[in-house]
Amino acid sequence: MSRDEDRPARVEDVHELALAMPYVTVEYGGGDNPVYQVGRKSFIFFRNPRPDAVDPDTGERYADVIVFWVESEADKQALIRDETSPFFTTAHFNGHLSVLLRAGRLGELTRGELAELIQDAWLSRASARRADAWLKAHPPAG
């Protein structure tokens, strides 16, 4: 892994890494928040402040929530189960194959970990043909 991949992740990495995936388009939701899509299916989006994601101490709505799709409920649970991890969910996302991450906590991930999260999000939403082609061109290390 390069030194760059070991450094703390930043918001600009989300944009760069999402746009580096093939067939990605960007739409803009409320508040001009980017919604990254593959085949017209969202795989990452920046969320507007909502009443279901609030600071437990102040009650203020989080203004920096990013939503990442995941492949399965098991993948979701693996990411949110550890209370020390930066990933979380809310009741609004029950049954939705995604996890939430505050931009303010991105630095708890390395850029390499963020890249893997984004690739997995893209793979979970891309067509089987596109996902297979990408996986053949980028075989898992190991």
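The values are calculated or read from the model by the stated rules, or taken from the named source; none is laboratory data. Note that the structure is predicted; figures quoted are calculated from it, not measured. Quick reminder, even Gly has a Cβ in these numbers, built from the backbone with ideal geometry, and neighbours come from all protein chains shown. Just the protein is used for accessible areas: all its heavy atoms, side chains included, with ligands, DNA and RNA removed. Shrake-Rupley method; radii C 1.70, N 1.55, O 1.52, S 1.80 Å.
Pairs are defined by a Cβ separation below 8 Å, a sequence spacing of at least 6 or placement on different chains, a first member in segment 85-102 that is closer than 23 Å to Glu113 by Cα, and a second member that is assigned to a strand (DSSP E or B) and of a type in the set (S, T, N, Q); the pairs so defined are Thr89/Ser98.
For the residues Arg102, Arg111, the requirement of being open to solvent by 40 Å² or more (accessible area, probe 1.4 Å) and modelled with pLDDT of 95 or more singles out Arg102. Total residues in segment 1-51 satisfying the condition of being closer than 24 Å to Ala128 by Cα and either in contact with a Phe, Trp or Tyr (Cβ under 8 Å, 6 or more places away or on another chain) or not small (Gly, Ala, Ser) (or both): the figure is 24. Inspect segment 115-124 for any residue being free of Cβ contacts under 8 Å to residues at least 12 places away in the same chain and open to solvent by 50 Å² or more (accessible area, probe 1.4 Å) and give the result as yes or no. Yes; the residues of segment 115-124 include at least one that is free of Cβ contacts under 8 Å to residues at least 12 places away in the same chain and open to solvent by 50 Å² or more (accessible area, probe 1.4 Å). Applying the set (1) of a type in the set (Gly, Ala, Ser); (2) at pLDDT 95 or above; (3) more than 17 Å from the chain's Cα centre (by Cα) to Gly59 leaves exactly one unmet item: (2).
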